[in-house]
Amino acid sequence: MPGSGKSTIGKAAAGRLALPFADCDRSIERRAGCSIAAFFERNGEQAFRDLESEVLQTLVMQPATVIATGGGVVLRAANRDLLRERTRCVYLRASTELLWKRVKRDRRRPLLQVADPEQRLRQLREDREPLYQETAAIVIDTDGLSFDRLVEEVARRVSAEAAR
């Protein structure tokens, strides 16, 4: 979900696991030559999702890498399949209240630029929760965990999953 800490926690966990880190959204922006918000405005969500799928396909084919995806990547079944088959997907599950606290002032999130962004966030979480559950190999509840503890938990659980 937006604001769950995918990029921040992912980057720190990559360091802890001694793996490279890739941010899907930053890769999309480099490929598009503009911000995600600008791309969304100019081309619409469908074109964004097409580009997101292309970038994801490229990233998951790299050698072991920690990848932070956008929260909507799970909307396409092909992306969910790819994440299940090619990764140890981690879902950083946070309460809607915590997510709202983190994103309420962020104007870079196109899907939240609506009349009632808090309600939109609640709806996104409700719609996406089953998709995250279906896709993730590891689910970590983030509420109440410090940054360091969360990074430690991600690294520990990913390492344990890799050892299987």
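Here, each number is a calculation from the coordinates, and none is a lab measurement. Only a predicted model underlies this, so the values are computations on that prediction, with no experimental measurement involved. In this analysis, Cβ positions are derived from the backbone assuming ideal geometry, glycine residues included, and neighbour counts consider all displayed protein chains.
Okay, here's what the table says:
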read-out: Binned Cα-Cα distance frequencies in the chain - 5 Å width, integer %; value: 1, 9, 18, 22, 22, 17, 8, 2, 0, 0
read-out: Unit charges at the beta carbon, dipole of the chain: most positive-side option, A47, I28, G71; value: I28
read-out: Extension reserve of the E152-S53 stretch, reckoned as 0.36 nm per residue once the Cα distance is removed; value: 32.7 nm
read-out: Potential extension, E126-A64 segment - 0.36 nm per residue separation minus Cα distance; value: 19.2 nm
read-out: Full-extension gain in nm, T96 to D116, via 0.36 nm per residue minus C-alpha separation; value: 5.8 nm
